[in-house]
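Before I ask anything, here is the structure I am working with.
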Ligand code: TA6
């Protein structure tokens, strides 16, 4: 696969390499560097020029292609969390467990883009019978943009929930404030029920919340830098950190791994799941910048 990709997509700002069982696609230009694996079309690194790593990946992550890499930006589609009808299916949809095609690498006026494509095979159809095409475009420009476009190519309407399940690297999550969520209703998956966010959010782990009706910006401030997350086509923002006990339950996360990460996810989840009509498409987009 590696040699073929190198031949088909030769580009001065793109490098293909291998880490264990996974191929890596690395974009490197005047704005910084970003690495994506076609396995799950998962962004694993974003380093703005003259900046520090923005994305968290577990030190004990596995790159074996059997399970999603712990960290990065897994693509959750067409369901977020447990399957809506059948708990026997894997969590967070069909897209993060399979290898996507590299469709294009291209130069833009201001940046470099790689596009990944997924169409269902027999194994995916067993979990989600309809025909679809997914594209993830990763654009490394002044900021980093991920655009997930889903086309419903079947003749039935679907209810879709989804997320760009972004793990951010932070200095210490106990000092983190997330701004932009004040006044929003959230579903609290740790304590149950719903509540309204008062002021900036301190991440008191464990935390697992879905903020509803949030189409706007979130700002992460960890005392060392400010990460701005802008979204489009997204009505929910998920905030997750497993805390000490949760981290111990993950074989692919060090015990203290939870202290240096937070997930702030561009999503359409729970009440914000949407109808994707037969023949229609939808784009969920997220732009990340350090300001
Ligand atoms: O987005 C938060 C969440 O849905 C949590 O409930 C937690 O389970 C997390 O994702 C990680 O899920 P995973 O299947 O990757 O272990």
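Any read-out appearing in this document is the output of simple, stated calculations on the displayed coordinates, not a laboratory observation. Everything numeric in this text was worked out from a predicted model, so none of it was measured. Here the Cβ positions follow ideal geometry from the backbone for every residue, glycine too, while neighbour counts run over all protein chains shown.
Could you line up 263, 76 from fewest to most neighbouring Cβ atoms inside 10 Å? Walk me through the numbers on the way to the answer.
On the way: 263 21, 76 26.
Lowest count first: 263, 76.
At R0 = 35 Å, how high is the FRET efficiency between residue 11 and residue 248 if r is their beta carbon distance? Nearest 0.05 is fine. Each step should come with its number before you reach the end.
Values: r = 42 Å, r/R0 = 1.21.
That gives a FRET efficiency of 0.25.
For a paramagnetic label modelled at 7 Å from the Cα of residue 20 toward its Cβ, which residues of the range 47-88 fall within the zone defined by backbone nitrogen distances under 12 Å?
58-71
Same structure, new question: Relative contact order of the chain, please, whole-number percent, based on alpha carbon pairs below 8 angstrom and at least 6 residues apart. Working shown, then result.
Numbers: 780 pairs, mean separation 48.9, N = 291.
Result for the chain is 17 percent.
What ratio of Cα Rg to 2.2 N^0.38 Å holds for the chain? Display every interim value, and only then the final one.
Numbers: Rg = 18.1 Å, N = 291, 2.2 N^0.38 = 19.0 Å.
Ratio of Rg to 2.2 N^0.38 Å for the chain: 0.95.
So, one more: For the chain, what does -39500 (n - 2.57) per DSSP helix run (n ≥ 4), summed and divided by total residues, give at 222 nm, in deg cm²/dmol to the nearest 500?
-1500 deg cm²/dmol
Compute the label zone of residue 4 within the range 94-136: residues whose backbone N is under 18 Å from the point 7 Å along Cα-to-Cβ.
98-105, 115-122
May I ask you to sort 231, 90 by Cβ crowding, counting other Cβ atoms within 10 Å and putting the fewest first? Could the numbers behind the result be given before it?
Numbers: 231 21, 90 14.
Fewest-to-most ranking of 231, 90: 90, 231.
Turning to a different aspect of this structure: Which ordering of 261, 24 is given by a fewest-first count of other beta-carbon atoms within 10 Å? Mind dumping the intermediate values first?
Values: 261 25, 24 18.
Starting with the residue having the fewest Cβ neighbours, the order is 24, 261.
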